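Each remark here refers to the structure printed beneath this line.
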Amino acid sequence: MEIRYWNQRLETLPRHELRQLQLERLREVVGYALQTPFYQKRLPKAGISSPEDIRSLDDLKKIPFTVKDDLRQAFPKGLLAVDMEKVVRIHSSSGTTGIPTVIYYTADDLDRWTDLLARSIVATGAGPADVFQNMMSYGLFTGGLGMHYGAERVGMAVIPVGGGNTQRQLQIMRDFRTTVLHITPSYLLHIHQRMPEFGLTPADLNLKKAWMGAEPHSENTRLKLQELFGIDIYNSYGLSEMNGPGVAFECVYKNDLHVWEDGYIIEIIDPRTGEPVEDGQEGEVVFTNLIRHALPLLRYRTRDLAFLHPEPCPCGRTARRMSRITGRTDDMLIINGVNVFPSQIEEVLMSIPEVGTNYQIHLSRHEGLDRLTVKVEIYSKLFTGDLAALEALKNKINEKLRASITINSRIELHEPGSLPAFEGKAKRVVDEREKL
Ligand code: DLL
């Protein structure tokens, strides 16, 4: 198998040198963290008042964890470590309630992130000869712009089409002889199911590879899609809090994801105790960002579950590999790649006077895509037979929800008492999507 590197020295750095580099970069980001109101309150209490207080990587353990709610509470600038004049990009993702989380980047931060994306791309064997159709959404979501710049840096021909509009996507794949896609598993499945409608089969296309991520999927889904399209599919993992995609990526061996440890320190902890688990044991993934200065995040609990492979990979990279994501410690739903917390839906529903207190969030899959149906009980006096009024109420609920969760839902109105009632802990989410 041909192995290509983007930055061979860094990618194959002996582990002890890699750890030294991590230590230097950790000191640097702790210096930036100490510029933020958030960490100014936290770090000195933990015995860290200056970067020199980090003497070895073991001192990382002194730093308390940071969680998503901290980001929300620090909104909008409590975690900003540089002057706004230095900030050149802002990304944002959904929080558990209406308040989003925000990530700032300096030009150098973007440069370092882009380099890790370029590395990820080259690790899958893609390069300047490829035509890359970027089917991740552009905008506040990091999947679109992030990978866009990585692919340009490698010299690929980038088609910045973004998500959606299947017919146009297929047309573009044909017109430009696209060879590489970056896409969510649900959308790739959907594309396959829609192809006959346009009289196409995978043989009419020139696809060679897809990087697949932003939502969980199983090895069987990868194998199935590889077979359906006759292409190689690589797992692409990241999260906006750690810049976006390119935190961990599969190499040509496709045997789980190299975590770019010169950019991110990974820890796997027992989510109940916060203590580290042994290599090979599943736990919550915790990352420290070593390369972003505008918004430093130390020991960030991702709520993703995975385990680490300590053994080396035949590709020669010394970055350890992480398993695919096996689950989450919270109730976050990923709907066609968009993260949605049930609490966001509840918050919106409860702000609408016509809506009663009972509701259900229902997820199903149609033609490969996820469908969100929100079933709500409304007061019986509203069922007057005025269909137009009910239709208007449905539209209103959908509009309000979309303003918060960014995606469309089907709204079903129900009479009081008709949805399942709960005496104990309510089970409001019914997920009937078959496992991807
Ligand atoms: O999803 C960044 C990204 C974009 C990754 C494009 C890969 C490709 P967020 O919107 O912040 O960022 O969502 C992050 O999505 O904590 C995981 O729960 C989930 N996730 C991302 N990639 C994968 C993957 C982007 N390959 C959250 N497998 C993460 C499973 C994934 N889950």
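Over the chain, the ratio between the Cα radius of gyration and 2.2 N^0.38 Å evaluates to 1.03. Cβ crowding within 10 Å, taken as a proxy for footprinting-reagent exposure, orders 432, 241, 17 from fewest neighbours to most as 432, 17, 241. For the range 333-435, DSSP calls about 60 percent of its internal beta bridges antiparallel. Of all DSSP-defined beta bridges confined to the chain, some 65% are antiparallel rather than parallel.
The calculated FRET efficiency for residue 198 paired with residue 403, based on their beta-carbon distance and R0 = 45 Å, is about 0.85.
Across the chain, the mean sequence separation of Cα contacts (distance under 8 Å, 6 or more residues apart), normalised by length, yields a relative contact order of 15 percent. A cut-off under 10 angstrom between Cβ atoms defines the neighbours of residue 410, and their net charge, with Lys, Arg +1 and Asp, Glu -1, is +2. Simple point charges give the picture: +1 on the Cβ of Lys and Arg, -1 on the Cβ of Asp and Glu, and for the range 320-399 a dipole about the Cα centre of about 560 debye. Take the Cβ-Cβ distance between residue 431 and residue 86 as r, set R0 to 60 Å, and report the resulting FRET efficiency rounded to the nearest 0.05. In this case the efficiency is close to 0.90. Using alpha carbon coordinates only, what is the Rg to Rh ratio of the range 294-436, with Rh defined as the Kirkwood radius? Rounded to two decimals, Rg over Rh is 1.11.
Taken about its Cα centre, the chain carries a charge dipole of roughly 300 debye when the Cβ of each Lys and Arg holds +1 and the Cβ of each Asp and Glu holds -1.
Listed from fewest to most Cβ neighbours within 10 Å, the set 256, 175 follows the order 175, 256.
The protection proxy used here, the mean number of other Cβ atoms lying within 10 Å of each residue, ranks peptides 356-365, 406-415 as follows, highest first: 356-365, 406-415.
In terms of other Cβ atoms within 10 Å, 302, 12 run from fewest to most in the order 12, 302. The range 143-162 and the range 1-65 have Cα centres lying 28 Å from one another. Counting Lys and Arg as +1 and Asp and Glu as -1 over every other residue whose Cβ lies under 15 Å from the Cβ of residue 435, the net charge comes to 0. Taking a point 7 Å from the Cα of residue 171 along the Cα-to-Cβ direction, none of the residues of the range 357-371 has its backbone N closer than 19 Å to it.
Relative contact order of the range 84-158, taken over Cα pairs closer than 8 Å and 6 or more residues apart, is 30 percent.
One way to sum up the overall shape of the range 370-436 is the equivalent ellipsoid from its Cα gyration tensor, whose semi-axes run 22, 19, 10 Å, largest first.
Here, each number is a calculation from the coordinates, and none is a lab measurement. On a predicted model such as this, the values are computed, not experimentally measured, just so you know. FYI the Cβ positions are ideal-geometry reconstructions off the backbone, even for glycines, and counts take in every protein chain you see.
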